[in-house]
Amino acid sequence: MAVADRRNRGAILALTGPAYLWLTATIFLPLSAMLYCSFLAKSPLVPAPVSYTLRHYEAFVDKSVYQQLMLWSLQMGAIVTICCLVIGYPAALALAKVIKGRWREAMFLMVVLPFWSNALVRTFSWTLVLRPFDLLYSYPAVIVGLVHSYLPYMILTCYISLQAIDDSVIEAARSLGARSGALFRRVVFPMSLPGVLAGSALIFVPAVGSFMEPRILGGAKGATLGMAVEDQFTVTANWPFGAALSFLMLGAVLLICLAVYPAARKRMEGL
Amino acid sequence: MSKTNSRITRRRFVAGAGAIGLGAATGVLAAPRIVRAEGKITVLNWQGYGTDEAWAVEAFKKATGIEVVHDYFNSEPEMITKLRTNPGAYDVVLTNSAWNGVASGEELIQAIDTSQIKHFADLNPSLRDSALLAKDGKVYGVSWVWGMTAIAYNTEKFNPAPDSVEVLWDAKNAKRVSVRDDAVEAVSYGAIATGQDMNHPKDIEKVKAKLLELKPQIATLWSSEDEWNKLFQSGTFDVSVYWSGSAARSKTNYKLPVGYMVPKEGGIGWFDGLAVASNAPNNSGAHEFINYMVDPTFYVEWATKVGAPASANPKANDQLPAEDVGRQIHSDQAAIKRLQFMAPLTDEERQTFSDLWTEVKAEFAK
């Protein structure tokens, strides 16, 4: 009905409009400004005539150190994601299928508890824990800190998709002769794939850009592309170069997501 | 029976609430902020660097009635950025001698009326009249303090005291060394250790090779005085590159076993000047504050109570007690002769140093 449609459209606009406005103002506009900045020859704050250049992007191609740093950042993101998966998925499975009643709520609280404390405080408390074991200022320390920060994301997203699996589906599979291994491989895991992918995306993207934990826990061993970006903004005041590095990182992460997406879609097709 | 023809429908309620919310938000954002100029000044400085001492701010307020508000920066480029992005927000700005020219060149600071500074004539001439703090024959920064960036070591671990910059490269100190995560400082020490001019080193590859040799030595990198104190106290490192005033503070204020020495190969010297920002809302208040800062009474209390770099006012230095740590560090004339003073760098030089340091840090992480 035309009248109802028009009213619906108005209502939808009114309810989603503020969110989109907010996203535009806080994310899209600043990102566009930084993208513009990355093509400038001099920092936008310097009172000089505006000129454009591609040399900041060329510098990335010319100097191998920035490619090396980007590779390390992507590697770090991948390692953190895999560790979170290995630790978080069994935990989510236990929460969804094994633990029932009051205990489940208590466990939930413990999973969410790290979110209640400030990330910086958590990272510094890891320095206290790792120092006596001589693990501080090493790469494993960085991974430990990052996994601890991002694990709840994986547990929660996997839990949501695992508990959506109807118990009767599992019963049916068992009655058809599936043993635990096949049951997990062919029924439970494929059905929980959306949660796994959501958790991976939520962890990989921020972990790749992290530079606080690598700096505090890794010391000299915590070199990331984020560290180079920070140097451009605080040491050389070369904002265009920092912006170029940031967008190259954004591009790399987008490419990875685009590469994974069709494969993931195909696997979820059958569900 | 419930009334179904209420005039307040859900749709109307949401619309109304949204309109009120939007109106409130725009009202708050659009309201002009009233700037009260008299009776207040805003100071831009490093944190914990003299101007924000609670007793000093209070004494100044009692004497002049002007309230002092602070904003901080963690690096000199950040200071320049804050001046560029907040015109009219600051009155007094601390500018390192290597950066005063950058700020005055971009007209971020204004010429100082030296007649309003009582102790101007007392200041050490080589600092007071330095070309680095002037432009077109006018004074753009009142030299306030000077200091060195040299080697600080744990007196409990080093007996006798080290005297060479090679202590940072000594294999005996593997994983017990720290340097500041700053490209210019790192390259400067690489140049000093290879016998070159730290501001314009001729053989930059030699500097890079020397810095790469630090890889087995580095425990971690530090970036603020507070971080240095925490790492030193927890025994993370025993010897590092550190600022002289901060070393005096760490020893006096925090009672840490800090020893300080300028290596025989040389050290970094620097001096800071207090400047008045362009479009400062309280120009006269800014001058009064600068006047108070170069006053010996302020300096002596700051140095003895907290620890400070050396004052640009020799009269103020002379009033310190003989056993004051800061005075001992800064009156070593032989050490001062070995210093190379920081000079302004071009953008290209700074970028070269930064790229070099990024490559060195990437090697450290491998």
**Asked** What strands (runs of 3 or more DSSP E), lying completely within segment B:193-268, carry at least 1 residues that are within 14 Å of another protein chain (Cβ to nearest Cβ) and buried (at least 22 other Cβ atoms within 10 Å of the Cβ)?
**Response** B:218-222, B:239-243
**Prompt:** Can you name every residue in segment B:247-281 that is polar (S, T, N, Q) and closer than 13 Å to residue B:93 by Cα?
**Reply:** B:278, B:279
**Asked** Residues A:188, A:260, A:169: which one is assigned to a helix (DSSP H, G or I), surrounded by 15 or more Cβ atoms within 10 Å (Cβ to Cβ) and among the β-branched types (Val, Ile, Thr)?
**Response** A:188
**Request:** Determine whether segment B:324-344 contains at least one residue that is buried (at least 17 other Cβ atoms within 10 Å of the Cβ), among the charged types (D, E, K, R) and out of contact with any Ser or Thr (no Cβ under 8 Å at 6 or more places or on another chain).
**Result:** yes
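Here's the yes/no breakdown for (1) within 14 Å of chain A (Cβ to nearest Cβ); (2) in a strand (DSSP E or B); (3) surrounded by fewer than 22 Cβ atoms within 10 Å (Cβ to Cβ); (4) among the hydroxyl-bearing types (Ser, Thr, Tyr):
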site	(1), (2), (3), (4)
B:62	no, no, yes, no
B:70	no, yes, yes, no
B:88	no, no, yes, no
B:103	yes, no, no, no
B:115	no, no, yes, yes
**Asked** Could you say whether any residue in segment B:123-130 is surrounded by fewer than 17 Cβ atoms within 10 Å (Cβ to Cβ) and either over 22 Å from residue B:332 (Cβ atoms) or in contact with a helix residue (DSSP H, G or I) (Cβ under 9 Å, 6 or more places away or on another chain) (or both)?
**Response** yes
**Prompt:** Only one residue in A:220, A:207 is within 14 Å of chain B (Cβ to nearest Cβ), surrounded by 18 or more Cβ atoms within 10 Å (Cβ to Cβ), more than 30 Å from residue A:166 (Cβ to Cβ) and of a type in the set (A, V, I, L, M). Which one?
**Reply:** A:220
**Asked** Is there a residue being of a type in the set (A, V, I, L, M, F, W, C), under 21 Å from residue A:231 (Cβ atoms) and touching a Ser or Thr at 6+ places or on another chain (Cβ under 7 Å) anywhere in segment B:245-262?
**Response** no
**Request:** Return the only residue of B:313, B:279, B:317, B:291 being surrounded by fewer than 17 Cβ atoms within 10 Å (Cβ to Cβ) and among the polar types (S, T, N, Q).
**Result:** B:279
**Prompt:** Right, residue B:137: without any contact (Cβ under 8 Å) to a residue 60 or more places away in the chain, surrounded by fewer than 16 Cβ atoms within 10 Å (Cβ to Cβ), within 14 Å of chain A (Cβ to nearest Cβ) and not hydroxyl-bearing (Ser, Thr, Tyr) or not?
**Reply:** no
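The numbers here are math on the coordinates, done by the rules we state, and not lab data. Because the structure is predicted, anything quoted here is derived from the model rather than measured. Note that each Cβ is placed from the backbone with ideal geometry, even for glycine, and that neighbours are counted across all protein chains shown.
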